[in-house]
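The values are calculated or read from the model by the stated rules, or taken from the named source; none is laboratory data. Since we're looking at a predicted model, the values are computed, not measured. Heads up, the Cβs are rebuilt from the backbone with ideal geometry, glycines too, and the neighbour counts pull from every protein chain shown. Quick note on the areas: whole protein, heavy atoms, side chains included, nothing else; ligands and nucleic acids left out. Shrake-Rupley method; radii C 1.70, N 1.55, O 1.52, S 1.80 Å.
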Amino acid sequence: MKRYTIDEFRAEYPDNDACLHKLFELRFKGLVCPKCESVKEFTRVKNRRSYQCPNCGFQVYPTKDTVFEKTTTPLTYWFYAIFLQTTTRNGVAAKELERQLNICYKTALRMSHQIKLLMADKSIGKLEGIVQIDECYIGMNLKNLHRKQRAEMYENNESKFDNKTGVMGFISDDKKIKFEVIDGSKTFKQRVKNNVSKKATIVTDGHLGYSGLNLHHVKHEVVNHMANEFKRGNYHTNSIENCWSNLKRTIKGTHIHVSRKHLQKYVDEVAFRLMNRDRQDEMFDIILTHVVS
Ligand SMILES: [Zn+2]
């Protein structure tokens, strides 16, 4: 597998100007000036984060309306943080960003959350084909919690006795993956209907929350784990179960504590990583294209 290396990264993005130019190319390459309709290429305005039409001076701002617009953190830091996200097996923790970039923890955590938001692939519609569906429960490790985080949990009505959060997962046979944090707002069946095409064949275990879905979907295969059945013909839930071990490893291994409020970002990140694991060399660019879409 081809890998995007730190040497290639450094050569491509030696400074803030190079990062800004990448954003300019992603957003405005080949832009016809909206003011004077000139097709001449826009040029960089010195000491400003903008490019201008050489004919009439109309300016465009590559960071406008992006996560980079209002931040004082240099673009090189952001790009390096994204690079780290794509080259580490389970993603990079905020603590690690704090150390490597020598920034305060609050900034590091904010960057880390923003990058996760960028990783989320919002373009995936309802899954088609054969779709495995399952849920897993992530334990929030309360004893590692800082006093302040614990106080926050109580404020959000997260009881210390109820410290597991469910995630529902969907994986299609063409390897598209969606994870959804389970809150009280929807039933299992509603979540399935929202994420899976009517025309799909769905495969679940015997959980009662899934019963009745055969009325909605073309086919519903139930693998009865309770009766020690793990495969029914060609139908199984092994792929989604592999996703769970990945998800648990990432959350346990990299992040000391994930609060319920932020869990969706973390599971989106894991989904992104699983879907793109065979194209590590493209992950960096894919994330950047999400910046501007
Ligand atoms: Zn112009």
Projected label distance in nm at residue 104 and residue 260, using a 7 Å step from Cα toward the beta-carbon
2.9 nm
If packing is taken as the mean number of other Cβ atoms within 10 Å per residue, what is the order of 262-270, 283-291, highest first?
262-270, 283-291
For the chain, what is the accessible area per residue in Å², given a 1.4 Å probe and the full set of protein chains?
55 Å²
Solvent-accessible area, 1.4 Å probe, carbon plus sulfur percent, for the chain
49 percent
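Once every DSSP H run of n ≥ 4 in the chain is given -39500 (n - 2.57) and the sum is divided by its residues, what mean residue ellipticity at 222 nm do you get, rounded to the nearest 500 deg cm²/dmol?
After summing the helix terms and dividing by residue count, I get -12000 deg cm²/dmol.
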The FRET efficiency for residue 128 and residue 279, from their Cβ-Cβ distance with R0 = 22 Å and rounded to 0.05, is 0.55
For residue 136, what accessible surface area do you get with a 1.4 Å probe? Give it in Å², rounded to 10.
10 Å²
What are the ³J(HN,Hα) couplings of the range 212-227, residue after residue, when phi is run through the Karplus curve with 6.51, -1.76, 1.60 and θ = phi - 60°? Round to Hz, x for glycine and proline.
x, 6, 4, 6, 9, 9, 3, 8, 10, 9, 10, 9, 8, 4, 4, 9
DSSP beta bridge pairing in the chain, given as percent antiparallel to the nearest 5:
70 percent
What FRET efficiency, computed as 1/(1 + (r/R0)^6) with R0 = 41 Å and r the Cβ-Cβ distance, is obtained for residue 164 and residue 8, rounded to the nearest 0.05?
0.50
